[in-house]
Amino acid sequence: MFRLDRERRWNAEYASGTWRRLGTLDELAHQAMLSSYFARLKPGGSVLDVGCGEGLFQQELRGCYSRYMGIDFAEPVRLARARCDAASDAPCAARTEFVAVDMHDFVTHERFDAVVFNESLYYYDDPLRGLARYTEFLAPQGVLLVSMHTKERTERLWDRIGERYVVVDAVTVENCHGVQWMIKVLAPQTDSASR
Ligand SMILES: C[S@@+](CC[C@H](N)C(=O)[O-])C[C@H]1O[C@@H](n2cnc3c(N)ncnc32)[C@H](O)[C@@H]1O
């Protein structure tokens with residue numbers, strides 16, 4: 001799919017409410033697991049949320065961060081900003097930013113304690129390349145937090161990720177409909193010794 005078509009499709013799907021289901025209880029397990037990992041490993045730290053959608057992970061963090069940046073296409077970012085504004089928590093809003101940008105193009109000089117791919121890594125053209133690129137945005141001792149819906153293709157992807165990253169921790173969660181997600185904490189191999 002061409003880039004522009006992809007962007008249009010995501011924007012249209014968010015505008016029509018297709019992805020509203022991500023905010024239901026059925027999806028809570030992976031959102032909650034990711035935020036628990038962040039709270040345990042990087043309490044009060046900074047976080048970059050790649051493919052942040054409507055900002056559900058940001059909401060799940062309940063303001064327990066020094067800096068949150070979520071990136072996604074324009075329509076989900078619009079919804080995320082509206083959700084955040086509606087929460088009317090001014091101090092939290094000041095530490096929070098949603099940026100409309102294609103994840104393939106995003107660059108920053110900021111460094112984050114955690115980079116999160118919450119059901120978004122497999123939308124990167126080359127997911128391993130994407131992980132490598134976003135690893136560069138990690139602060140020293142930073143971690144990647146990745147959640148992927150369990151499917152054959154994500155199992156193959158996890159295998160390849162495991163060859164390049166240290167798996168600090170991993171957990172599988174399943175909802176009452178038998179839908180499963182695997183969530184992993186990954187560290188770059190270079191600084192694993194001091195973790
Ligand atoms: C399955 S949704 C998950 C959204 C969010 N992480 C959550 O769990 O609620 C995948 C997200 O990735 C975003 N996405 C896909 N391709 C992208 C790209 N090239 N650049 C930025 N965001 C992208 C979509 O717009 C969508 O918000």
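Nothing in this text is a laboratory measurement; each read-out follows from the coordinates by a stated rule. As the structure is a computational prediction, the values presented were derived from the model and not from experiment. Positions of Cβ are generated from backbone atoms using ideal geometry, with glycine treated the same way; all protein chains shown enter the neighbour counts.
Things to note:
- Cα-based Rg and Dmax for the chain, where Dmax is the largest Cα-Cα distance (Å): 15.8, 47
- Gaussian network model of the chain, Cα within-10 Å springs - most flexible of V179, V47, V101: V179
- Per-residue extension of 0.36 nm, minus the Cα-Cα distance of V167 and V107, leaves a gain of 19.1 nm for this segment.
- Distance between the modelled labels on A93 and E136, one decimal in nanometres: 3.4 nm (7 Å Cα→Cβ projection).
- Cα centroid separation - the stretch 17-71 against the stretch 129-157, whole Å: 15 Å
- Among P91, P140, P127, residue whose mean-square fluctuation peaks in a GNM of the chain (springs only between Cα atoms under 10 Å): P91
- Put a dot 7 Å past the Cα of D125, heading toward its Cβ, do the same for A39, and the two dots end up 3.9 nm apart.
- Relative contact order of the chain: 19 percent, from C-alpha pairs under 8 Å at least 6 residues apart in sequence.
- Using a Förster distance of 25 Å, the FRET efficiency for E174-R153 (Cβ separation, nearest 0.05): 0.85
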